[in-house]
Amino acid sequence: MNAAPEASEGGPTVRPVGERERSQLVNEEVVYFIFQLDLDTQLQRCLNYEAYEAAQEVRKKRQRVDEAVQSMKERKAKNTGAPAAVQRLAGADYAAELLRLRTEMQRAVEAEDYATAAKYRDLLKELETEAKKAAALAAEWDTTSPSGPVLRLGQRVLHKQLGYRGVVVGWDMRCCESEDWIAAARVGECGRGISQPFYHLLVDARDWEYDPHLPPVAYVPEELLTSPELEPPAEGAAAADAKPKSWAEVYGTDPLQHPYLYILFLGMDGRGDYVPCRQLRDRYNVQRRDVYKPGQEGGEEDDGAAGGK
């Protein structure tokens, strides 16, 4: 089997060519985000039950995860030459502290301690302003694709060359991987190189070899991905056949298989794509997009992460 080397701490790791875009960095980013979701849920539960000592322990764990996230952001920034502050993880970093301040403010109001409540209110305003500034800096750096990414969160895709299936869980507006990874993934052979959106994909576990140390998570340039609705209609097709096809129409509704899927998504929509949880949408500043099957109306309320429903 043809294989491509992938850099690792212990030296190059040989991987099948079909898995050359497997990314430890992107897997790390996704896992940290999942940790943040879980810890935020634990923190809210502790505060709801007024278990303040337990809440403090959860905050300490969240702080350690945030420190690890910051280290990862600095590595990504070093790879791209961008300021670390513009990495698109800022929204998740503020979530726990915003939650804490809102809870403390509510407790002060219930205790009729309005002076303390006013202090928390002012701190909330300051932190929200800081979060907006961080988001604005990230938007300023997103100059490599003025129209934004072509693909969306939860969209199911195929790799044009290697044929594996995946679902989009995020993106960077340019490649943030190391030079070694870029060489191993043959990014230099792409027409648009590193200056295009690179998508974070959960790859269908059936399409890659099992690796007990690294789940199937890929980092793929935009030009190498396709989806049925992006494919042009056949020449001379009737008007009814010229409409973009959905994943379900072309490939059916067989669910993608991946260990992270149920945590990050609420379920499958009527087109065969997946509905991202609120926190994932907030991270990329996108609105919920519901598509129902014929004859269905409405849907479940989205009030948190998929894993908590």
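Numbers at a glance
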{"item": "Difference of contour (0.36 nm per residue) and Cα-Cα distance, T253 to V31", "result": "77.3 nm"}
{"item": "Base-10 log of normalised Debye intensity for the range 17-82 (one unit scatterer per alpha-carbon) at q = 0.17, 0.27 Å⁻¹", "result": "-0.69, -1.09"}
{"item": "Karplus-derived 3J(HN,Hα), 6.51/-1.76/1.60, for each residue of the range 63-78, Hz, glycine and proline x", "result": "4, 5, 5, 4, 5, 5, 4, 4, 4, 5, 4, 5, 5, 5, 5, 4"}
{"item": "Additional length obtainable on full extension of the chain from R186 to E57, 0.36 nm per residue less Cα span", "result": "42.0 nm"}
{"item": "Residue-span extension gain [E231 to K132] - 0.36 nm each, minus C-alpha spacing", "result": "32.0 nm"}
{"item": "Placed amide H near G270: partners under 5 Å, 5+ positions off or other chain", "result": "V291, Y292, K293"}
{"item": "From phi via Karplus (6.51, -1.76, 1.60), per-residue ³J(HN,Hα) for the range 173-179 in Hz, x at Gly/Pro", "result": "7, 7, 5, 10, 7, 6, 5"}
{"item": "Area of W247 that stays accessible when all protein chains are in place (1.4 Å probe, Å², to 10)", "result": "10 Å²"}
{"item": "Protein-only accessible surface order, largest first, of V58, V31 at 1.4 Å", "result": "V31, V58"}
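The values are calculated or read from the model by the stated rules, or taken from the named source; none is laboratory data. On a predicted model such as this, the values are computed, not experimentally measured, just so you know. These area figures cover heavy atoms from the full protein model, side chains too; ligands, DNA and RNA do not enter into them. Shrake-Rupley method; radii C 1.70, N 1.55, O 1.52, S 1.80 Å.
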